[in-house]
1. Could you pull out the residue among TYR92, TYR62 that is modelled with pLDDT of 95 or more, assigned to a helix (DSSP H, G or I), aromatic (Phe, Trp, Tyr) and surrounded by 14 or more Cβ atoms within 10 Å (Cβ to Cβ)?
2. Restricted to segment 22-45, and to residues that are part of a helix (DSSP H, G or I) and at pLDDT 95 or above, which residue is surrounded by the most Cβ atoms within 10 Å (Cβ to Cβ)?
Amino acid sequence: MKKFRTIVFDLGGVLIDYSLERSIEAFRRIGYGQIETLIDPYRQSGVLLQLEKGEVGPEALYDEISRSVGRPVDPKAIDAALCSFLLDIPDYKLDMLLDLRRRGFRLFMPSNTNTIMMTYMKNGVFRKQGLTIDAYFDRLFLSYEMGLVKPGAEIFRRMIESSGIVPSQTLFIDDSQANVDTGKACGFDTYLAARNEDFRPLFDRIEPSV
């Protein structure tokens with residue numbers, strides 16, 4: 001049985017499901033069809049990428065959309081359209097995270113995300129069991145706080161340096177081949193997950209290292 005000290009989870013497509021089409025349709029309803037050129041499950045563009053890297057705040061997104069539409073758009077409507085990209089985290093995956101921590105694994109989550117979506121998730125899906133996100137992870141490594149995005153290697157290097165994790169004792173799970181390739185190059189054991197896969201059987205074959 002293989003031993004690991006740390007398990008590193010991606011968020012979108014691994015833990016939480018998403019709907020690109022639902023978000024695009026929501027933006028179309030407020031008159032911003034250009035969202036199709038910016039939003040992507042793995043790599044954002046334009047102001048969304050800037051938001052994800054923490055180079056700009058939400059106001060830049062609100063201003064961009066209002067300018068493009070030609071009228072003021074309620075920021076709450078923009079937040080709702082953006083967050084409609086996110087669906088749900090199955091309860092069994094939340095239970096899985098709690099169980100892995102109880103077994104002695106350290107759980108980290110590096111995520112390409114932004115402050116609008118992260119606030120939405122922290123106050124929503126990660127609270128549905130009456131807990132907070134801190135109950136599920138030892139540490140979060142968020143792109144907009146670090147100024148770094150996957151699949152760049154620097155976000156992985158910073159995670160290693162700041163947490164003291166040993167790559168050879170770390171399992172990294174992501175649904176992006178590019179991200180998995182970078183994790184492997186950084187020395188992690190890796191697992192390429194299918195979108196919304198139930199990978200609980202994977203954890204029956206590993207145990208925590210001391």
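The values are calculated or read from the model by the stated rules, or taken from the named source; none is laboratory data. Since this is a predicted model, take the numbers as computed values, not measurements. Cβ placement follows ideal geometry from the backbone for every residue including glycine, while neighbour counts extend to all protein chains displayed.
1. Result of the check over TYR92, TYR62: TYR62.
2. Restricting to residues being part of a helix (DSSP H, G or I) and at pLDDT 95 or above, the top hit is PHE27.
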